[in-house]
Structure formats: C-alpha cells, structure tokens
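Working notes, structure below.
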Amino acid sequence: MEKLKNKILKEAYIIDNRIVKVDHFINHMLDTKLVFEIGMEFAKEFEDINKILTIEASGIAFSVATAFHLNNVPIVFARKSASLITTDNVYKSKVFSFTKQVESTIIVDKEFLKEGDNILIIDDFLATGNALNGLIDIATQAKASVKGVGIVIEKGYQGGRKRIEEMGIKVHSLANIKKIENGKVVFEDKND
C-alpha cells in the first residue's frame with residue numbers, strides 16, 4: 001500500500017536500526033482516514049470471512065475498519081489479562097512479545113469462537129510471528145479455520161511470515177520492510 005509506505009518513509013522514527021516507531025499514526029494515535037483505507041485493502045484481499053480475530057490493543061482499530069468493509073462481521077479480540085474474564089471457559093495461548101521482551105497468556109472466551117468459523121486474523125506488526133502463533137493456536141483450539149492474516153507493517157527480515165506460511169496460511173502485509181539501514185527503512189518490492 002503506497003500511501004502507508006510513503007507515510008512510514010516520511011514520518012516513522014527509527015531507533016537503533018531495529019525499531020520502527022509509528023506511534024503517531026498506527027498504534028498510539030491513529031490516522032483514522034489511513035486506518036479505514038487499510039481496512040478496505042484487507043477486505044479486498046479476503047472473502048468468506050465470518051469473524052475477525054485480533055489481539056488487544058493495537059489490532060483492534062484495523063479490525064474494526066476491516067470489519068466495516070466486510071459487511072460488519074464480528075470482531076473477537078484476545079485479552080492479555082485473565083482477570084477481565086470471570087469464567088474458566090476460555091481458550092488460552094502463551095505469547096512472547098519481541099518488542100517488550102515479556103511472555104503473556106492471551107485468552108478468548110469459548111462463547112465467541114466456534115467450530116466452523118472462518119477467521120481472518122488482523123494485527124499491526126509482524127516480526128517473529130509469536131502473537132500470530134498464539135492467535136492461530138486459539139483458533140485451532142476452537143476448531144475454527146484461519147483463512148488468512150492481514151498485517152499492517154511486516155518486518156520481513158525477522159522471519160515471522162515464513163513460520164505462518166509454513167502452516168498453509170496466507171499472509172498479506174501492506175508494508176513489508178526488507179531491512180533498516182543507516183536509520184532508513186527499505187521495503188520489499190512485493191508484499192505477499
């Protein structure tokens with residue numbers, strides 16, 4: 001998505017040639033016009049979806065925008081805190097955050113994911129694929145079918161896509177970073 005790539009090139013802050021800081025338009029403050037254009041891009045790419053699955057909190061905005069363009073399908077988001085759910089009737093998976101260097105248990109109430117659901121997973125970043133693996137694990141526990149993964153920004157050099165595609169799951173990213181060199185982002189020519 002050229003508009004997203006151009007915004008990253010012009011506005012992202014690069015820290016230590018490894019962190020792409022986009023807080024001011026992707027995951028702390030949102031450029032709402034861009035968010036809904038991202039949702040439209042994901043909706044064009046995937047069909048026959050009856051639920052979107054994401055993880056709190058950064059994936060929620062992009063999931064809402066995508067759901068809007070997919071005739072308002074429901075969104076289920078995995079919570080990172082078990083205290084928010086008062087039942088033991090949940091699917092659980094462990095997720096290690098590469099950015100924060102912490103492991104969390106994510107949970108989804110069994111009421112919200114069912115056998116036969118056709119799931120699209122949406123997230124803001126793909127690096128090593130740990131968050132996606134946790135979400136895929138939860139969908140698998142529910143006997144739901146993961147029809148694809150939509151990623152806003154992929155750090156292609158960290159190998160997460162390969163892990164997901166080896167499971168037979170389509171990955172569609174809108175901006176795939178090939179490398180960060182001398183404080184500059186270099187994109188892959190093709191995103192998926």
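All of the numbers you see were taken from the coordinates with simple rules; none came from a lab. Keep in mind it's a predicted model, so treat the numbers as computed, not measured. Every residue, glycine among them, receives a Cβ derived from its backbone with ideal geometry; neighbour counts consider all protein chains shown.
Could you work out the relative contact order of region 94-192, using alpha carbon pairs under 8 angstrom and six or more residues apart, expressed as a whole percent? Relative contact order for region 94-192 comes out at 23 percent. What residues from region 27-53 fall in the zone where the backbone N is under 15 Å from a label point 7 Å along the Cα-to-C-beta line of Asn71? Counting only backbone N, you get 43-44, 46-52. Semi-axis lengths, largest first, of the ellipsoid equivalent to the chain are 26, 18, 16 Å, with √(5λ) applied to each eigenvalue of the Cα gyration tensor.
Quote the Stokes-Einstein diffusion coefficient, in whole µm² s⁻¹, for region 30-144, based on the Kirkwood radius over alpha carbon pairs, a temperature of 20 °C and a viscosity of 1.002 mPa s.
149
Where both bridge residues fall in region 2-187, DSSP classifies roughly 45% of the beta bridges as antiparallel.
The magnitude of the dipole of the chain, with charges of +1 and -1 set on the Cβ of Lys/Arg and Asp/Glu and taken from the Cα centre, is near 380 debye. The modelled label-to-label distance between His28 and Ser97, using points 7 Å beyond Cα along the C-beta direction, is 1.4 nm. For Lys110, the lysines whose Cα falls under 22 Å of its own Cα, not counting residues fewer than eight places away in the same chain, are Lys51, Lys80, Lys92, Lys94, Lys143, Lys147.
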